[in-house]
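Participant: Shown below is the structure under consideration.
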Amino acid sequence: MIKSEIKANEREAAQLFVRGVAAARGGQRRLAAVLLSRVVQLDPQHEMGWLWLSGVLDDPKDIAFCLRSALAINPHNERARRGLEWLNSRQLLRDDDTAITASFARVAPAAPTDSPTDGVVQETPISWRSRIASAFRRLAPRSSPSSDHAESWWVGWRHSRQEMGRARALLWIMPVLLLLLTLALNYALRTAVERNEALVAAELARRVSAAETQAQSVDDAAARVLAVPAILEPKLAAEREAATLAYLSRLEEPRARLRGAIESYRNATSRPGGSSIVHATSAQRLRDEVEQAYAVIAALEPPQTLVEAHALYLQGLELELTALDHMLAFYSGFRAEDANRAALTMAEAARRLDQARQVFERQRAELSVERPLPHAIR
């Protein structure tokens, strides 16, 4: 029965020794001191347990006691001998401790017997047990009132391990929860944007159908403006045609720049995966081009036949600037009302610009028709 208990103690001491060494190497000196103290309690003949315990203690007297115990087990342990010499050279022990340390450093004590009740140092059993108990009381945590020190530190250690496991699990779960929340918000935002785009498309279709109904009346009015009786014209037909051609030629340059700017904007915004920053930058560039074209066209003096078309074209450019302002506001705040305003205003601007363009093209076509030359009076 005694032999089985000794073997069980030795196995438990070996397991605790491994944990104590790991704690010492990890910088947890307090935990290592408790573990290694339990090791030498279970197995007083554990040489490395005494040696490692001396490395995690602070009191020179306790350190010397552990080193002497290691030397008592193995008189040829050079590390323990050098440790005692170091304590003696630093004068960290009292006179009586110094004398004992010097004697251990010079002469190796007798080897211990096989009896499990014998001490490591040549002391009586009562002296040995009292020294170990007092040393363990100094190393045991002060918050544990229990007399069974091994059980108290072991329960506390397992409790701390459980708490650390819960903390690690929480640290792993939090990023997953944040990722799921981000995906849910992204899906909700995309659904709302798609719904708003569908509403805008329906509204645009309705307004385009209404605009087409009004386009005929506007075209008739523009035709009436162009069909001015020749008797009311203040200039000759040749001068009127020359002025009209000059106006259309000067108008062609800003219109070409506008077409290029619109094409660049469509290419930048139609790419898959484009960000809102890229779209906002493209919209700002298009607005700058429209504003410059507006300034150039407003400075032109249209002929009498194109005054109304000229004013209609400028109105379309003003509406485009307003629509681009709404679009930039949408990219900054992502409000659905800004997107709706931008779409509706852009549709109205396109309608007016298209009416003015039809008048310009009709006038150019009329001027390109070859006229018969009058016969010279001889």
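Participant: Within region 164-208, can you find the residues that are among the polar types (S, T, N, Q), open to solvent by 60 Å² or more (accessible area, probe 1.4 Å) and within 30 Å of Ala323 (Cα to Cα)? It would help to see each step written out before you state the result.
Facilitator: Taking region 164-208 as the starting set, the residues that turn out to be among the polar types (S, T, N, Q) are 182, 186, 191, 196.
Narrowing further to those that are open to solvent by 60 Å² or more (accessible area, probe 1.4 Å): 182, 186.
Correct list: Asn186 only.
Participant: Can you tell me which residue in region 345-364 is modelled with the lowest pLDDT, limited to those that are closer than 18 Å to Thr244 by Cα and open to solvent by less than 30 Å² (accessible area, probe 1.4 Å)? First the steps, then the outcome.
Facilitator: Of region 345-364, the ones closer than 18 Å to Thr244 by Cα are 355-364.
Pick out the ones that are also open to solvent by less than 30 Å² (accessible area, probe 1.4 Å) and you get 355-356, 359-360, 363.
Values: Gln355: 90, Ala356: 88, Val359: 88, Phe360: 85, Gln363: 82.
Top of the filtered list is Gln363.
Participant: Conditions: (1) surrounded by 12 or more Cβ atoms within 10 Å (Cβ to Cβ); (2) of a type outside the set (Gly, Ala, Ser); (3) not in a loop (DSSP other than H, G, I, E, B). Ile277 meets all but one. Number of the miss?
Facilitator: That leaves (1) as the condition not met.
Participant: Within region 323-344, identify whether any single residue is of a type in the set (Asp, Glu), modelled with pLDDT of 90 or more and open to solvent by 60 Å² or more (accessible area, probe 1.4 Å), and answer yes or no. Steps first, answer last, please.
Facilitator: Step one: list which residues in region 323-344 are of a type in the set (Asp, Glu), which gives 325, 337-338.
Now narrow it down to the ones that are modelled with pLDDT of 90 or more: 325.
Those left that are additionally open to solvent by 60 Å² or more (accessible area, probe 1.4 Å): 325.
There is at least one residue in region 323-344 that is of a type in the set (Asp, Glu), modelled with pLDDT of 90 or more and open to solvent by 60 Å² or more (accessible area, probe 1.4 Å).
Participant: In the list Ala167, Ala184, Ala210, Ala198, which residue meets the criterion of being at pLDDT below 90 and under 30 Å from Ser275 (Cβ atoms)?
Facilitator: Numbers: Ala167 fails: under 30 Å from Ser275 (Cβ atoms); Ala184 fails: at pLDDT below 90; Ala210 fails: under 30 Å from Ser275 (Cβ atoms).
Exactly one residue qualifies, and that residue is Ala198.
Participant: Now for a separate question. Out of curiosity, is Leu367 in a helix (DSSP H, G or I), open to solvent by less than 60 Å² (accessible area, probe 1.4 Å) and at pLDDT 85 or above? Give the steps one after another, and end with the answer.
Facilitator: On the way: in a helix (DSSP H, G or I): yes; open to solvent by less than 60 Å² (accessible area, probe 1.4 Å): yes; at pLDDT 85 or above: no.
So Leu367 does not fit the description; no.
Participant: Further question: If you scan region 261-281, which residues turn out to be within 29 Å of Ala309 (Cβ to Cβ) and without any contact (Cβ under 8 Å) to a residue 24 or more places away in the chain?
Facilitator: Initial filter on region 261-281 (within 29 Å of Ala309 (Cβ to Cβ)): 261-266.
Result: Glu263, Ser264, Tyr265, Arg266.
Participant: Sticking with this one: Which numbered condition trips up Leu179, out of (1) over 29 Å from the mean Cα position of the chain (by Cα); (2) at pLDDT 75 or above?
Facilitator: (1)
Participant: Check region 278-288 and report whether any residue there is more than 25 Å from Phe360 (Cα to Cα) and among the hydroxyl-bearing types (Ser, Thr, Tyr).
Facilitator: Quick first cut of region 278-288, residues more than 25 Å from Phe360 (Cα to Cα) only: 278-285.
Still in the running and among the hydroxyl-bearing types (Ser, Thr, Tyr): 281-282.
Yes - at least one qualifying residue is present in region 278-288.
Participant: Of the conditions (1) assigned to a helix (DSSP H, G or I); (2) in contact (Cβ under 8 Å) with a residue 12 or more places away in the chain, Leu300 satisfies every one except a single condition; which number is it?
Facilitator: Single failed check for Leu300: (1).
Participant: State whether the residues of region 29-44 include one that is touching a residue at least 60 places away in the same chain (Cβ under 8 Å), open to solvent by 20 Å² or more (accessible area, probe 1.4 Å), in a helix (DSSP H, G or I) and closer than 20 Å to Arg79 by Cβ.
Facilitator: no
Participant: Quick one: count up the residues across region 284-301 that are open to solvent by less than 80 Å² (accessible area, probe 1.4 Å) and of a type in the set (Lys, Arg). Give the steps one after another, and end with the answer.
Facilitator: Taking region 284-301 first, the residues open to solvent by less than 80 Å² (accessible area, probe 1.4 Å) are 284, 286-290, 293-298, 300.
Subset that is of a type in the set (Lys, Arg): 287.
Matching residues across region 284-301 total 1.
The values are calculated or read from the model by the stated rules, or taken from the named source; none is laboratory data. Predicted model, so just to flag it, every value in this text is computed and none were measured. As a convention, Cβ positions derive from the backbone with ideal geometry for all residues, glycine included, and neighbour counts pool all protein chains shown. Heads up: the accessible areas ignore ligands, DNA and RNA and are worked out on the full protein's heavy atoms, side chains in. Shrake-Rupley method; radii C 1.70, N 1.55, O 1.52, S 1.80 Å.
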